[in-house]
Amino acid sequence: MASYESYSIMTGSGRNAHCLGVRVPPEWPFQSVLIANRGEIALRIVRTVQRLGLRAVVVHHAVDANAPAVRHADLAVEIHGATPVAAYLDGPQIIETALAAGAGAVHPGYGFLSENAGFARACLDAGLIFVGPTPEVIEQMGDKVTARSFVAHAGFPVAPSAIEDDDPATFVERARHVGAPLLIKPAAGGGGKGMRIVRDLAALASEIERARSEGQRYFGDGRLYAERFVENPRHIEVQVLGDAHGNVVHLHERECSVQRRFQKIVEETPSPALTPELRRDICTVAAGIARNAGYSGAGTVEFVFGGGTFYFLEMNTRLQVEHPVTEVVFGIDLVEQQLRVAAGEPLGFSQDELQPRGHAIELRIYAEDAASGYLPTTGTILTLQEPNGPGVRVDSGISSGQDVTAAFDPMLAKLIVHAPTRDDAIALGRRSLHDYVLLGCKTNIDFLRRLLAHPAFAEGEIHTGFLDAHPEVAAEPAIESALLHKLLAVAALTSRPLRDAADAVPALHAAIGAWRN
Amino acid sequence: MAHAFRLMGVDHELWLSRSGGVYQVHVGDISVAATLVPRGEHAHELTVRDVAERVVIARHGDDVHVHLDGETYLLRYSHSLERFAGQTADEDEAVARAPMPGAVIAVSVEPGATVRRGQALLLIESMKMETTIVAPCDGTVQAVHVAIGQTFDRDALLVTLERLKEAP
Amino acid sequence: MKRIDSALDTRSAEFRANRQHNLALAQALRDQQAAVRYERPERDKERLARQNKLFVRDRLQRLLDPGTPFLELSTLAANMDYEGEVPGAGIVTGIGIVSGREVMVHASDASVKGGAWYPLSVKKIVRATDIAVENRLPMVHLCDSAGGFLPLQAELFADRHYGGRIFRNQAILSKMGVPQVAVVLGHCTAGGAYVPALSDYSVIVRGNGAIFLGGPPLVKAATGEEVSADDLGGCDLHTRISGTADYPASNEFEAFAIARDVVAQWKRPVKAEVEWQEPEPPFYDPSELYGIVPRDIKVQFDMREVIARMVDGSRFHEYQPAYATTLVCGFAHLWGYKVGILANNGVLFNESAQKGSHFIQLCNQNRTPLVFLQNITGFMVGRDYERRGITKDGAKMIMAVAGSEVPKFTVICNGSFGAGNYGMSGRAFDPRLLFMWPQSQISVMGAEQAANVLADVKLRQLARTGAQLSPEEISAIRDPVVKDYRRQSSALYSTSRLWDDGILDPVDTRNALGIAISAALNAPIAAPSYGVFRV
């Protein structure tokens, strides 16, 4: 099994010049960055900030006081909120903290305020540099409907659809024109709520009525739009990077098709579904969209791919959770690139200079019980041994002794493996998961091993319905008796009540054993 | 009478005996000799049926977390006094427990309130879903153990009710 | 100690014939014990199930530590009494391990006549409590009895060692600081109510368990009061209000979990010290015992061959090997414990009795437990022996046995006739435990001898009337006498009446003695002192 020799963009060693540890010049508009986030991404950003010779300031709620990011930061400031999540969503408090700490820039990470145009604007108004695109771009791309319409007008492919708002009277008819199968979505919705798949057009009218009443109930808004549904779609996205000088490059695609509850679990690059031609097309379209929008900073254009065609789904105007797979195949630190762009530097490379190498897979480690419907789990991390070695990278926001609670999203860490081929990467992933020890809180590590071992995954036959189509992946395998005896032996030998009871029996009787006259 | 550990929802009775310096684990009709040697930092060497392998073990109260051959398992000690305890004579209390970890969004009742079976007690949020916790029986609210914004683990005690006695 | 040199020819016809015979007897013993322990009429099993009660064997399994031995006593009690309808006398007793502690278990078998106490049931329980007192063994009582069997009350109530003795022994145990726990799984009525009341700890099962001096029918007859068993003496009444019982349990499983936890609280005993070394199995195969014991009780065999198949490493230090060779005396280790063994290789002569007395004193002096392996037809009779004082010598041996302070254990390996039984520590001389082998016989004299004597009487009567009897007629008179005599001297008869603590398969003797010695060491060993030896 082949792998790459060890290199780490975190410490700055390696082949690609773009990841050499270069400290930023003193003329930079900021020398100190406030990271408005938590967990693994906060730590990951702190590392790059410090590597570049900048000062890392981290805000945190009290429950995160012992988090790795907080311990590594140059300065950690506690923020407050009615709930822990509320604290990280409190824009004014965060800006106030940044100013008081002397930070010149704010990096929002992902989630929380990262796509909040109002927050971006407030930062700028306060004289802080927001590490991300302009508030206008965030606004335009943040609303699904306006983003879609912008992309369509620019001539890029979008899924056939019908938007009710355009002409409510003809909505049902236009929806019928979209053709089956189609997806009816609430315009005001999100998170997969209220969406219905219609396969039989005869039921269209009644499904629309039901969707409307659900939209009313969940979001207080019954307006809808209908979109062509791609059967067994594959989720393919393209990483783009633009500077403030109009340069935009793409860093190829990532496939994120393995999902549950519309949340990604496994991402990889390159996508096993794309031919070189399709890759070229989809990346060109993504870069084109970004260029047209005047995009600066790191962003991701998401597409739905199926039956040989792709349609624009949405654009995320921030760093994605799965950015590491792109980083390792290109040897580029995307957070560093974000900071450089935010500081006004032009991109340091052209499209032709970007040559990816090998195959990378990211596996998200969640605190959840896959076998029982992916219910989130809690517990104290009693011991933690993360895998390491050539081609293995772990972005982790947890440490031994930490409590995993229901306060936040259950993602604990990301395991990224990089190897010359997809098969090598899968093998490296399986071995790394085998060596990953996290005890005290149930995780999906065993589930991920079963997933990587599944023949359909090895064939690259993945799509967003993969886990529903293969329920055996989530199911815990039965424990056969030899294994059961080993586990019971371990439990027995480490438990005082059993040891004491065994030691209490007098030697004679223990030696005679279960004898009867 | 045997001890038991619960593994994946099933109680397994077992017994440990010692003869000379060697421990034997008895499960049903099968007995195996087993040794466990610490190798530092939660790691151990387990030898069962003469095969030695590496195992990582972490204990927390009655919970034994095990990492063996790349898989993780949780065994929970079940004391026979708990396993065989029948209903307590005091059936007057009824409780509402959390079906999954989450946070409290809204509380609909106060101590002293009379509730009917199925009536909403509080609203929780978990995995971006909202779930209503309802009264398991007719009764009076004795105590609400959580507040808005508070997070809790699975099976946490949320509300205690005093069961309403049926009219004779 | 040197290993015994076995002279046994395991390929001889004699050996093979003996072996076949004794294996069959051992198998018959196992079959009979299995039937007594487990076979019950369907309706009795169904009744237990309806009452939500566990069968006594399942109760024992829940009580005792798994993977430990249980030495059951007098399994075949009452096998020749009450027309065989009361297997085991409806009681199970034995020495077992609960939460790591040696205990004497006394359990009612409610599947036999509702657990009613027959005279032999009372005798079996008294015997169990006697063993507990002598050996300071804690006790666990599993109570589930309908009470005394009224039709036979004259044989179980009034006398010194009848029913009251159980409660007297319980009180003495408590006085000695030896704990008891009673698990009330059914009714404890009248006398039976004292079992939990006199136990230091008691557990009672809700619903089935009840304790009362008079049950509902008796109360109604006596005062007209109508009350249910549960209200009169059930779990909640006694654990919450009267304080007669200590721990309520919702079901039998919980009751046993509690009882085990109670036993786990008891102070660990300080055992009497005797010489001990690491145990070792016998060098010779114990199953060869089947080939050693003869089919005919009159045939002699060498007890050393028996000893060689019982003791550690088959090693034996023989005392006075050249003198009084009809009594083999010597030291050995059994399951590690040093023991002094006395074993019969023929009748007891003057010298044998003297050697025995001397050896018993030696063992008392160096605190060595005694094991008696009996195969004795009696003391030598005759003018010459009387002149030399064989009666005196027999008395000396009895004096030594009776005055002995070290624990004694007796196994009747073959014959046990007459005063030889006494000198070799028979039942009356308080061996801590006494066992028989399947083919053993025990009576005042051998069956042939006795038959001759009894038949002679009859024949002389007939001769006085002038009748001349043919050989067949003589047989017709003799044979029934012999047959009846044999029956009454059989091991099964002895064990039915609890003249012994059980019949052992010979190969089980080693384990039984090991467990017995271990149990006996719970009591202290006093310094020896004897009466007057008629020298």
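The values are calculated or read from the model by the stated rules, or taken from the named source; none is laboratory data. Everything numeric here is computed off the predicted structure, so don't read it as measured data. For neighbour counting, all protein chains shown are included, and Cβ atoms are generated from backbone atoms with ideal geometry for every residue, glycine included.
Below are the figures for this structure:
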| read-out | value |
| --- | --- |
| Test: residue in region B:109-119 that is within 14 Å of chain C (Cβ to nearest Cβ), farther than 19 Å from A:His485 by Cα and touching a residue at least 24 places away in the same chain (Cβ under 8 Å) | no |
| Residue in region C:423-434 that is within 23 Å of C:His21 (Cα to Cα), small (Gly, Ala, Ser) and part of a helix (DSSP H, G or I) present | no |
| Odd one out for A:Leu433, checked against (1) in contact with a helix residue (DSSP H, G or I) (Cβ under 6 Å, 6 or more places away or on another chain); (2) at positive phi; (3) at the interface with chain B (Cβ under 10 Å from one of its Cβ atoms) | (2) |
| Pick from region C:209-256, criterion touching a residue at least 60 places away in the same chain (Cβ under 8 Å) and assigned to a helix (DSSP H, G or I), ranking: surrounded by the fewest Cβ atoms within 10 Å (Cβ to Cβ) | C:Phe253 |
| Among (1) surrounded by fewer than 23 Cβ atoms within 10 Å (Cβ to Cβ); (2) out of contact with any Cys (no Cβ under 7 Å at 6 or more places or on another chain), the one test that C:Arg309 misses | (1) |
| Close pairs from region A:390-417: first among the hydroxyl-bearing types (Ser, Thr, Tyr), partner surrounded by fewer than 19 Cβ atoms within 10 Å (Cβ to Cβ) and assigned to a strand (DSSP E or B), Cβ under 8 Å, at least 6 apart | A:Ser400/A:Thr383 |
| Residue ID - nearest to the chain's Cα centre (by Cα), chosen from residues in region C:397-418 that are in a helix (DSSP H, G or I) and surrounded by 24 or more Cβ atoms within 10 Å (Cβ to Cβ) | C:Val401 |
| Residue count, region C:257-291 (criterion: over 27 Å from A:Val505 (Cβ atoms), within 26 Å of the chain's Cα centre (by Cα) and in a loop (DSSP other than H, G, I, E, B)) | 1 |
| Condition broken by A:Pro471, with the remaining ones in (1) touching a strand residue (DSSP E or B) at 6+ places or on another chain (Cβ under 9 Å); (2) modelled with pLDDT under 95 satisfied | (1) |
| Selection count, region A:20-41, where residues are aliphatic (A, V, I, L, M), assigned by TED's automatic domain parsing to the domain that holds A:Arg55, over 15 Å from A:Phe130 (Cβ atoms) and part of a loop (DSSP other than H, G, I, E, B) | 0 |
| Test: residue in region A:501-510 that is more than 7 Å from every other protein chain (Cβ to nearest Cβ) and more than 26 Å from B:Leu14 (Cβ to Cβ) | no |
| Total residues in region C:132-144, condition within 14 Å of C:Arg165 (Cβ to Cβ) and surrounded by fewer than 24 Cβ atoms within 10 Å (Cβ to Cβ) | 2 |
| Only listed residue being of a type in the set (A, V, I, L, M), within 18 Å of A:Glu115 (Cα to Cα) and in contact with a Lys or Arg (Cβ under 8 Å, 6 or more places away or on another chain), chosen from A:Val304, A:Val328, A:Val335 | A:Val335 |
| Enumeration of residues in region C:487-508 that are of a type outside the set (A, V, I, L, M) and either in contact with a Ser or Thr (Cβ under 6 Å, 6 or more places away or on another chain) or surrounded by 24 or more Cβ atoms within 10 Å (Cβ to Cβ) (or both) | C:Ser489, C:Ser494, C:Thr495, C:Asp500, C:Asp501, C:Gly502, C:Pro506 |
| Condition check for C:Val453: loosely packed, with under 14 Cβ neighbours inside 10 Å and closer than 28 Å to C:Leu23 by Cα | no |
| Matching option when the condition is crowded, with 20+ Cβ neighbours inside 10 Å and closer than 30 Å to B:Met129 by Cα, among A:Ala187, A:Ala180, A:Ala120 | A:Ala120 |
| Candidate set: region C:73-89, residues that are part of a loop (DSSP other than H, G, I, E, B) and in contact (Cβ under 8 Å) with a residue 60 or more places away in the chain; chosen: the one surrounded by the most Cβ atoms within 10 Å (Cβ to Cβ) | C:Ala77 |
| Residue list for region C:45-72, restricted to those being in a loop (DSSP other than H, G, I, E, B) and free of Cβ contacts under 8 Å to residues at least 40 places away in the same chain | C:Asp65, C:Pro66, C:Gly67, C:Thr68 |
| Enumeration of residues in region C:1-30 that are under 20 Å from C:Arg295 (Cα atoms) and of a type in the set (D, E, K, R) | C:Asp9, C:Arg11, C:Glu14, C:Arg16, C:Arg19, C:Arg30 |
| Residue list for region A:330-345, restricted to those being farther than 9 Å from A:Val131 by Cβ and among the β-branched types (Val, Ile, Thr) | A:Ile332 |
| Those residues of region A:208-224 which are buried (at least 21 other Cβ atoms within 10 Å of the Cβ) and either in contact with a Ser or Thr (Cβ under 6 Å, 6 or more places away or on another chain) or not in a strand (DSSP E or B) (or both), in sequence order | A:Ala211, A:Gly215 |
| Qualifying residue in region C:115-128 (condition: at pLDDT below 95 and either touching a Gly at 6+ places or on another chain (Cβ under 9 Å) or surrounded by 19 or more Cβ atoms within 10 Å (Cβ to Cβ) (or both)) | yes |
| From the options C:Ala24, C:Ala34, C:Ala28, residue that is within 26 Å of A:Trp515 (Cα to Cα), within 11 Å of another protein chain (Cβ to nearest Cβ), of a type in the set (A, V, I, L, M, F, W, C) and out of contact with any strand residue (DSSP E or B) (no Cβ under 8 Å at 6 or more places or on another chain) | C:Ala34 |
| Search result, residues across region A:418-430 that are under 26 Å from B:His42 (Cβ atoms) and either among the polar types (S, T, N, Q) or within 11 Å of chain B (Cβ to nearest Cβ) (or both) | A:Arg430 |
| Residue match in region A:297-305 (condition: farther than 28 Å from B:Met129 by Cα, at pLDDT below 95 and not basic (Lys, Arg)) | yes |
| Qualifying strands (runs of 3 or more DSSP E) (wholly inside region B:6-98; at least 3 residues being away from chain C (no Cβ under 14 Å)) | B:30-38, B:43-48, B:51-60, B:63-68, B:71-78, B:93-97 |
| Residue match in region A:177-184 (condition: touching a helix residue (DSSP H, G or I) at 6+ places or on another chain (Cβ under 6 Å), more than 24 Å from B:Met127 (Cα to Cα), modelled with pLDDT of 80 or more and away from chain B (no Cβ under 14 Å)) | yes |
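Here's the yes/no breakdown for (1) more than 7 Å from every other protein chain (Cβ to nearest Cβ); (2) free of Cβ contacts under 8 Å to residues at least 24 places away in the same chain; (3) among the aliphatic types (A, V, I, L, M):
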position: A:Asp446; (1), (2), (3): no, no, no
position: A:Leu452; (1), (2), (3): yes, no, yes
position: A:Glu476; (1), (2), (3): no, no, no
position: A:Ser481; (1), (2), (3): yes, yes, no
position: A:Val490; (1), (2), (3): no, yes, yes
position: A:Ile512; (1), (2), (3): no, yes, yes
